[in-house]
Amino acid sequence: MVWDQQEIQLRARERGYHLVTDEVLEALEEHIAPLRVGLLHLFIRHTSASLTLNENASSDVRGDFRRHLDRMVPEDAPYWKHTVEGPDDMPAHIKASLMGSGLLLPIGDGELRLGTWQGIYLCEHRNSGGPRRLVATLVGERA
Amino acid sequence: MVWDQQEIQLRARERGYHLVTDEVLEALEEHIAPLRVGLLHLFIRHTSASLTLNENASSDVRGDFRRHLDRMVPEDAPYWKHTVEGPDDMPAHIKASLMGSGLLLPIGDGELRLGTWQGIYLCEHRNSGGPRRLVATLVGERA
Amino acid sequence: MVWDQQEIQLRARERGYHLVTDEVLEALEEHIAPLRVGLLHLFIRHTSASLTLNENASSDVRGDFRRHLDRMVPEDAPYWKHTVEGPDDMPAHIKASLMGSGLLLPIGDGELRLGTWQGIYLCEHRNSGGPRRLVATLVGERA
């Protein structure tokens, strides 16, 4: 039985949806490789950024995520009360909960068992969110 | 300590929200039964279908999910750029992230500890998505 | 290796978004404290209430969640068919799936490794939802 917990810091990115699979795997590959079966939990310690899985090929998909979410949760809604931190703040909180703060990914034979088209997205909902901290928790059984 | 990982293939379904609790349990019942306490992780290896828990009795609830989500993420939005795979594709990606790619379910005394009204939904967001592959990972302690 | 499963009942709350971090921690603190590394799974056994993480300071944030979600999933949509349990019922089901039925939280050195601003929200989507039952499953390694 293996338990492992790592902190990962993702570099600051502009507002939008960003493919970070490689950045995450680079940090965790050697921790995932020894496991015959297990789970990787990725957790973002923020309330205006989130993690999701989606299509890993076309950058248009990530652009469409931004265009759509910005309309689903608009900055200029007349009912916002929490506006002290700027017009991008409150929509960022709601988008963060819609997308979710964590991902749980199956590990099999030393690899993440993602589908062919699945990639890890960092969803940066603020205009200037800064670097984002993740806690990665691995649990599993050695090969 | 028990670790167990199974692949489940759900048969192709039409676009919409489908109750698949029985199909999932049939595949996993004998793996869940020996566990005194544990967790079942269901993970869908696709980016235009998803899993959620919701009401397991009325088919109108599933119909209303479809009617509402089809309006929340419409096919004819003028801002879509990723349109090469058809008008149902980009909305399917966004719906998939809104609903989520995985479910983690508590196991107690050899059974899933779902609430009375909770059932597992396969959310099929494509018109012709085909069969969908799940990875089921179980971890727990034997009775 | 420690496995632990607890039931927590959250007292009835009015429709809206409620910070319940303290109530949850009070019930689980002594179970979390012994773990060097681990995971806490919180699972709500209902289909019209949900759990999410978000900003733990300003009550305006919680109010804005309600104001926005009530518009994103309106009670008076002309296409609802599942209306027998009242106009708040079907929107509650959809909001529950958008926010999600569970949270998985990393444990490190005997504490939840939440970010500074992260708190646990009970999202009560019904007008009179009553008390809500959670299953808390902890797994980890002792210090």
Name the residue, out of B:HIS68, B:HIS82, that is at pLDDT 95 or above and either in contact with an Asp or Glu (Cβ under 6 Å, 6 or more places away or on another chain) or within 22 Å of A:GLY102 (Cα to Cα) (or both). B:HIS82
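For segment B:6-29, which residues satisfy the criterion of being over 24 Å from C:THR47 (Cβ atoms) and buried (at least 21 other Cβ atoms within 10 Å of the Cβ)?
Here is the first cut: in segment B:6-29, the ones over 24 Å from C:THR47 (Cβ atoms) are B:6-7, B:9, B:11-12.
None; the set is empty.
Criterion first (at pLDDT 95 or above and within 17 Å of B:THR52 (Cβ to Cβ)) does C:GLY100 satisfy it?
Numbers: at pLDDT 95 or above: yes; within 17 Å of B:THR52 (Cβ to Cβ): yes.
Yes.
What number of residues within segment A:49-65 are of a type in the set (Gly, Ala, Ser), touching a residue at least 60 places away in the same chain (Cβ under 8 Å) and at the interface with chain B (Cβ under 7 Å from one of its Cβ atoms)? Even if it seems obvious, please write down each step before you answer.
Quick first cut of segment A:49-65, residues of a type in the set (Gly, Ala, Ser) only: A:49-50, A:57-59, A:63.
Subset that is touching a residue at least 60 places away in the same chain (Cβ under 8 Å): A:49-50, A:57.
Restricting the remaining residues to those that are at the interface with chain B (Cβ under 7 Å from one of its Cβ atoms) gives none.
Number satisfying all stated conditions: 0.
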Consider C:VAL20 against the criteria (1) in contact (Cβ under 8 Å) with a residue 40 or more places away in the chain; (2) in contact with a Lys or Arg (Cβ under 8 Å, 6 or more places away or on another chain): it satisfies all of them except one. Which criterion is unmet? (2)
Against the conditions (1) touching an Asp or Glu at 6+ places or on another chain (Cβ under 9 Å); (2) within 25 Å of B:ASP89 (Cβ to Cβ), where does A:ASP88 fall short? Just the number, please. (2)
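Can you say whether B:ILE32 is farther than 25 Å from A:LEU53 by Cα and either within 15 Å of the chain's Cα centre (by Cα) or surrounded by 18 or more Cβ atoms within 10 Å (Cβ to Cβ) (or both), as far as the supplied structure shows? Spell out the reasoning first.
Values: farther than 25 Å from A:LEU53 by Cα: yes; either within 15 Å of the chain's Cα centre (by Cα) or surrounded by 18 or more Cβ atoms within 10 Å (Cβ to Cβ) (or both): yes.
Spelling it out, B:ILE32 is indeed farther than 25 Å from A:LEU53 by Cα and either within 15 Å of the chain's Cα centre (by Cα) or surrounded by 18 or more Cβ atoms within 10 Å (Cβ to Cβ) (or both).
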Name every residue in segment C:117-130 that is assigned to a loop (DSSP other than H, G, I, E, B) and in contact with a strand residue (DSSP E or B) (Cβ under 7 Å, 6 or more places away or on another chain), in order of residue number. C:TRP117, C:GLY129
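Going through segment B:35-48 one residue at a time, which ones are buried (at least 20 other Cβ atoms within 10 Å of the Cβ) and away from chain A (no Cβ under 14 Å)?
Residues satisfying the conditions are B:LEU35, B:VAL37.
Of all residues in segment A:108-143 being closer than 25 Å to B:GLU7 by Cβ and small (Gly, Ala, Ser), which is nearest to the chain's Cα centre (by Cα)? So that I can check it myself, show each step before the final result.
Taking segment A:108-143 first, the residues closer than 25 Å to B:GLU7 by Cβ are A:108-121, A:136-143.
Filter again for small (Gly, Ala, Ser), leaving A:108, A:110, A:115, A:119, A:136, A:140, A:143.
Numbers: A:GLY108: 21, A:GLY110: 21, A:GLY115: 17, A:GLY119: 10, A:ALA136: 11, A:GLY140: 22, A:ALA143: 28 Å.
Per the stated criteria, the residue is A:GLY119.
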Collect the residues in segment A:71-122 that are among the basic types (Lys, Arg) and within 14 Å of chain B (Cβ to nearest Cβ), keeping them in residue-number order. A:ARG71, A:LYS95, A:ARG113
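The values are calculated or read from the model by the stated rules, or taken from the named source; none is laboratory data. Fair warning: this is a prediction, and the values are worked out from it, not measured in the lab. Cβ sites come from the backbone with ideal geometry, for glycine too, and all protein chains shown count toward neighbours.
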